[in-house]
1. Could you list all residues from segment A:61-102 that are away from chain B (no Cβ under 14 Å), outside any strand (DSSP E or B) and either basic (Lys, Arg) or touching a His at 6+ places or on another chain (Cβ under 6 Å) (or both)?
2. Looking only at segment B:68-115, filter to residues that are β-branched (Val, Ile, Thr) and within 16 Å of the chain's Cα centre (by Cα); which one of those is farthest from residue B:32 (Cα to Cα)?
3. Restricting segment B:2-31 to residues that are assigned to a loop (DSSP other than H, G, I, E, B) and of a type in the set (Gly, Ala, Ser), which is nearest to the chain's Cα centre (by Cα)?
4. When you scan segment B:32-45, how many residues do you find that are under 14 Å from the mean Cα position of the chain (by Cα) and more than 16 Å from residue B:82 (Cβ to Cβ)?
5. In segment A:73-84, what residues are surrounded by fewer than 17 Cβ atoms within 10 Å (Cβ to Cβ) and of a type in the set (A, V, I, L, M, F, W, C)?
6. How about segment B:23-48: which of its residues are facing chain A (nearest Cβ under 10 Å) and among the β-branched types (Val, Ile, Thr)?
7. Would you point out the residue of segment B:34-85, among those that are more than 24 Å from residue B:101 (Cβ to Cβ) and among the β-branched types (Val, Ile, Thr), that is surrounded by the most Cβ atoms within 10 Å (Cβ to Cβ)?
8. Going by what's in this entry, would residue A:48 be described as more than 13 Å from the chain's Cα centre (by Cα) and either facing another protein chain (nearest Cβ under 9 Å) or in a loop (DSSP other than H, G, I, E, B) (or both)?
Amino acid sequence: DTAVSQTPKYLVTQMGNDKSIKCEQNLGHDTMYWYKQDSKKFLKIMFSYNNKELIINETVPNRFSPKSPDKAHLNLHINSLELGDSAVYFCASSGPTSNEKLFFGSGTQLSVL
Amino acid sequence: AQTVTQSQPEMSVQEAETVTLSCTYDTSESDYYLFWYKQPPSRQMILVIRQEAYKQQNATENRFSVNFQKAAKSFSLKISDSQLGDAAMYFCAYRRQGGSEKLVFGKGTKLTVNP
C-alpha cells in the first residue's frame, strides 16, 4: 500500500483553467504539507495542515486553496492557472510516529500551456 | 529564518569511489533535525539519512554517513563505494523540533556516477 498517494501524477491544462490535486495518507499522521518544486528543482513549502487546521501558508497566491476534509486528506485547488504555476507539486505527511521525517508522495507534474 | 545552503550544484564520482556533498545551515535553535533526501529521475523523494542535533555521534546508514559539525553548522554527506544507482539529486534539509514543523531544503546537488 502506498503511504502517501497523490493524483493525478501528470496534469496538462490550459492557462486560465481551474484544477485540483488530491492527496491521501494512510500512515495516521497528523500533519500534511504541500511543496512546490520549480524548474530548477528548488523545493519550497506552500502549506501545512495539522488535524485539518491550517498551520503554514507561505505567501502563496490566493489562487491556491488547500482543503483538508479530514486529517488523512489534503487537496490543492488552483484557480485561473498561469504559466508560472508549471511545476511539480509534492504532498507530504509527518506525525508522532514518523521520527521527525516527512513522507512524500510521488509528485504531480503540472504543465500549464 | 532558517536557511540551508548547498554550494555544489553538481558533483561527479567514479563508480566504487567516495564522494562528499556539502551542506551548511543557519539557525538560532539548539534542537533540530537534519536530513539528506535523494531524488532520482523517478521524482520520488527518498530519505537517505537523518541526524538529531543533540547527538554528537554522526549518523550512518550502510554506505552513507554524515559529518555533523554543530558549531560550524555544517552537515556533509559521504557516499562510499558509489554505485550507478546513487546518481540523483541530493537535498539537504533542516527541521525545527516540533511535530508540525516544515522541512527547509537546500537547492540540491546533482550527483553523476561515472562507470
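Derivation of every value follows stated rules applied to the coordinates shown; laboratory data play no part. Note that the structure is predicted; figures quoted are calculated from it, not measured. Glycine also receives a Cβ, built like all others from the backbone with ideal geometry; neighbour counts cover every protein chain displayed.
1. Residue satisfying the conditions is A:63 alone.
2. This residue is B:112.
3. Per the criteria, the residue is B:22.
4. Here the count works out to 6.
5. If the condition is that a residue be surrounded by fewer than 17 Cβ atoms within 10 Å (Cβ to Cβ) and of a type in the set (A, V, I, L, M, F, W, C), then A:83 is the only one that fits.
6. Within segment B:23-48, B:46 is the sole residue that qualifies.
7. Among those that are more than 24 Å from residue B:101 (Cβ to Cβ) and among the β-branched types (Val, Ile, Thr), it is B:79.
8. Details: more than 13 Å from the chain's Cα centre (by Cα): no; either facing another protein chain (nearest Cβ under 9 Å) or in a loop (DSSP other than H, G, I, E, B) (or both): yes.
No.
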